[in-house]
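The values are calculated or read from the model by the stated rules, or taken from the named source; none is laboratory data. The shown structure was predicted, so the numbers you read here are calculated from the model rather than taken from an experiment. Note that each Cβ is placed from the backbone with ideal geometry, even for glycine, and that neighbours are counted across all protein chains shown. Protein only, heavy atoms only, side chains kept; ligands, DNA and RNA dropped before computing areas. Shrake-Rupley method; radii C 1.70, N 1.55, O 1.52, S 1.80 Å.
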Amino acid sequence: MTLDGLLQRHGGWLESGPDEGPVISSRVRLARNLRDTTFPGWASKEVRNRVWNEVVLAFDGVPDNGSFLRWRMDELSTLDRDLLFERHLISRELAERQTGSGVFVNEDECRAVMVNEEDHIRLQSLQPGMNLQKAWEIADELDNALEQGLSYAFSSKLGYLTACPSNVGTGLRASVMLHLPGLVLTEEIKPVINAVSKIGLAVRGLWGEGSEASGHMFQISNQITLGKPELEIITNLEQIVLEVIEHEKNARLRLMSKQEIRVHDHVGRAYGILANAALMATGEALDLLSALRMGVDLGLTPNMVRRDIDRLFIRIQPAHLQKEAGVVLSPEERDIKRAQLVRKFLEGK
Amino acid sequence: MKCDLCDKEAVVHMTQVVNGEMKEVHLCEEHAIAQGIDLNSPISITDILMGLSGPQKNIAHELSLACPRCGMAREEFRKTGRLGCPDCYKTFMAELTMAIKAMHHSGQHLGKIPAREGVQTKVKSKIARLQQDLEAAIAREDFEKAAKLRDQIKKHREENTPDDGSKK
Ligand SMILES: [Zn+2]
Ligand SMILES: [Zn+2]
């Protein structure tokens, strides 16, 4: 399957999400490096190419290796790299790398292995909804399979050795993507973020570059990677995320009981703009879709299902729009296409 | 004499301090440059080669600033916060240990171990975990549990100490 084939699909991790309102998906990432080998950021092209080839060979030991597609960054256009980034299959950092850097993605997009990002290997496992345990099991399994063909840099004291000391130990970063419009609207998001940060977890906006959260999407992840077994890190994160979900659900209930008319107005206006605008920037679209998504959760928009909106979140992004159009578009042309795409979708409902 | 990092002829010879131990270092031109040694500066290179340089200690300190495997200078590591290779963990151990403790509130891995690692690594890891349980037991004054853990640790240590024949 080519990258264009990927575009026709909806991303396995969005495809079958359990009915869990605020939760989008769960992700587990493992950082691994090869023994006696310079880390990618400091390595020569020769070393980076050798690492890529070693990983290619190691994939032979992965039981269902035939279901993985692979691309090297230096053979992809900027647009294709952006597409992979928008689908959460590669990081911004990998998209900007060249020689020896690349990615393996399995067909349902639930597993991806980035090669020569900050570390030699960044293995990722994505699951729809709240499913960290399963994401971990799948990542662990893939890690075991790859490890048969690779010698990892490991110390009995510091665990897996990584290019940045913040990842040392388990090399594990677990995260959950959450949609938290209730907490944003009730202005309770800041105290929640502060509380979560205080107990050693990180909260980031999901879209956009900085910490500013477009579309009221947030990612909560562990920061500590050393000194705890993987399952303990995951269980801790899971407990906190469940609490945040509780807060979000309560915030929505309070909004509906005390300010139902305002919530209705908020969702209705979002719908009105989405259904009628002729120009729409990404940030605006994300925020309006966020309102619509909450409307679906609260039963205010009976014709719509959340999954369709979740797909739109992906499809309205610049690289996706341009791949779909088959041409490179100027920002204004993109805003026109974006508005068209959303209008068409809503007319079909 | 050959370069420590490759097969080329070494042109720079010096003393380096690694983990508090003095070590002789011999480098080719290319690797000397990679280590941040300025070959164009007539004073330093001549001085080093002729052994006419200032206080030995000073040089030793200067030269301890790079990783012998990958050549990353401490300066570079400080600037980026990223290491050059797995060996950098040994090279920059002193400052890394502190940074890692501050970041993770721990200095001991308790997670997964690659299957390729030997029995020794697994035993060390097992003992580290028991040690942590022991400290926790003592902290909550569960001395019965602590005693059991202490015995377990002792047993593991004895079973895995290579027999040097001095006993019995
Ligand atoms: Zn050399
Ligand atoms: Zn190094």
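Structure notes:
- For A:Trp42, the shell of other residues with beta-carbons less than 11 Å away shows a net charge of +1, using +1 for Lys and Arg and -1 for Asp and Glu.
- The aspartates and glutamates within cross-link reach of A:Lys258, meaning a Cα-to-Cα straight distance under 19 Å and a gap of 8 or more places when in the same chain, are A:Glu187, A:Glu188, A:Glu246, A:Glu248, A:Asp297.
- A full extension of the chain between A:Glu243 and A:Ala325 corresponds to an added length of 25.4 nm, given 0.36 nm per residue minus the alpha carbon distance.
- Chain A: relative contact order as a whole-number percent, Cα under 8 Å and 6+ apart: 19
- The heavy atoms of A:Trp71 offer some 30 square angstrom of accessible surface to a 1.4 angstrom probe.
- Under 5 Å from the amide H of A:Ser25 lie the amide H atoms of A:Gly129, A:Met177, each residue being 5 or more positions distant or on a separate chain, with H modelled from the backbone and absent for Pro and chain starts.
- For the set A:Met217, A:Met130, the ranking by accessible area, highest first and with no ligand, DNA or RNA atoms included, is A:Met130, A:Met217 under a 1.4 Å probe.
- Charged neighbours of A:Gly100, selected by a Cβ distance under 10 Å, balance to +3 (K, R count +1; D, E count -1).
- Counting charges near B:Leu5 (Lys, Arg +1; Asp, Glu -1) among other residues having Cβ under 10 Å from its Cβ returns a value of 0.
- Dipole magnitude (debye, nearest 20) for the stretch A:98-140, charges at Cβ of Lys, Arg, Asp, Glu: 40
- Global form of the stretch A:196-349, assessed from the alpha-carbon gyration tensor, a/c cut-off 1.5: oblate
- Nonlocal amide H pairs with B:Ala66, under 5 Å, H built at 1.01 Å: B:Arg74
- Among the listed pairs A:Lys249/B:Lys126; A:Lys228/A:Lys323; A:Lys190/B:Lys126; B:Lys101/B:Lys155, those beyond 32 Å (Cα-Cα): A:Lys249/B:Lys126; A:Lys228/A:Lys323; A:Lys190/B:Lys126
- The charge dipole of chain A, taken about its Cα centre with unit charges on the Cβ of Lys, Arg, Asp and Glu (plus for the first two, minus for the last two), comes to roughly 500 debye.
- 12 Å Cα-Cα reach of A:Lys349 towards aspartates and glutamates, excluding residues that sit fewer than 8 places from it in its own chain: A:Asp308
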